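Okay, so here's the structure we're looking at.
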Amino acid sequence: MGDLYAPHLPEPARNKTPATRTFVVLTSIASGAIVIASVIGFQLWQKQQPDAAGLASEVLDSMNASLDADDKFRDEGVHAESITVMHITGNMFEGQAELVNDSGKRDSASVHISYDGENLYWRTDPGSFFEVLTD
């Protein structure tokens with residue numbers, strides 16, 4: 001008498017067709033190219049960012065030159081004593097300047113800075129120097 005129950009045999013493994021192998025190879029090459037292009041793009045992007053080394057001293061010198069050029073600030077002896085600069089994004093920076101006048105009165109002012117590696121532009125909010133100008 002024959003076996004009433006025969007275990008189900010697994011089907012033999014199918015050979016990968018050339019089309020499937022080609023797809024896998026092309027997908028792997030494309031993925032690798034995308035990763036390499038991303039790394040290169042990131043490196044180029046980083047090189048284009050402005051180098052902020054020494055930016056604080058440049059802004060401080062520029063602020064003091066501007067304050068010395070203005071009669072009112074020069075007469076009161078207002079000058080920026082120090083500045084702390086923080087990178088925000090792209091070519092935008094924010095700073096906090098410590099101001100002092102000849103009588104020793106101190107205040108701080110927010111400084112908004114744009115710097116592209118060559119050109120420097122800074123500004124303060126209206127009224128930022130009011131405290132050091134009044135006694």
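Each value in this text was obtained by applying a stated rule to the coordinates, not by laboratory testing. Values in this document were obtained by computation on a predicted structure and should not be read as measured data. Here the Cβ is made from the backbone with ideal geometry for all residues, glycine too, and neighbour counts use every protein chain on show.
State, as an integer percentage, the relative contact order of region 94-135 based on alpha-carbon contacts under 8 Å between residues 6 or more apart. Let's see the in-between values first.
Details: 61 pairs, mean separation 15.4, N = 42.
Reported relative contact order: 37 percent.
List, in order, the whole-Hz ³J(HN,Hα) value for each residue of region 115-125 obtained from phi through the Karplus relation with A = 6.51, B = -1.76, C = 1.60 and θ = phi - 60°; use x for Gly and Pro.
Taking θ as phi minus 60°, the curve returns 8, 9, x, 10, 9, 10, 9, 9, 8, 10, 6 Hz for region 115-125.
Based on the inverse mean of 1/r over its pairs of different Cα atoms, what is the Kirkwood hydrodynamic radius of region 59-123, in Å?
Details: mean 1/r = 0.0812 Å⁻¹.
About 12.3 Å, per the Kirkwood formula over Cα pairs.
What is the sum of charges, Lys and Arg at +1 and Asp and Glu at -1, for the other residues whose Cβ falls under 13 Å from the Cβ of MET92?
Details: positive: ARG123; negative: GLU94, ASP116.
Net charge around MET92: -1.
Specify which labelled value, from (1) 18.0; (2) 7.5; (3) 14.0, agrees with mean projected area of the Cα convex hull in nm² derived from the coordinates of the model shown.
Step by step, mean projected area of the Cα convex hull in nm² for this structure corresponds to label (1).
Restricting to DSSP H runs of at least four residues, report the calculated mean residue ellipticity at 222 nm for the chain, -39500 (n - 2.57) per run over all residues, nearest 500 deg cm²/dmol. Display every interim value, and only then the final one.
Numbers: 4 runs with 56 residues, N = 135.
Result for the chain: -13500 deg cm²/dmol, rounded to the nearest 500.
To the nearest 10 degrees, how steep is helix 55-69 against the longest Cα principal axis of the chain, on a 0 to 90 scale?
It works out to around 30 degrees.
Around ALA69, what is the net charge, scoring Lys/Arg as +1 and Asp/Glu as -1 over all other residues with Cβ under 14 Å from its Cβ? Intermediate values should be presented prior to the final figure.
Working: positive: LYS72, ARG74; negative: ASP61, ASP68, ASP70, ASP71, ASP75, GLU76.
Its environment carries a net charge of -4.
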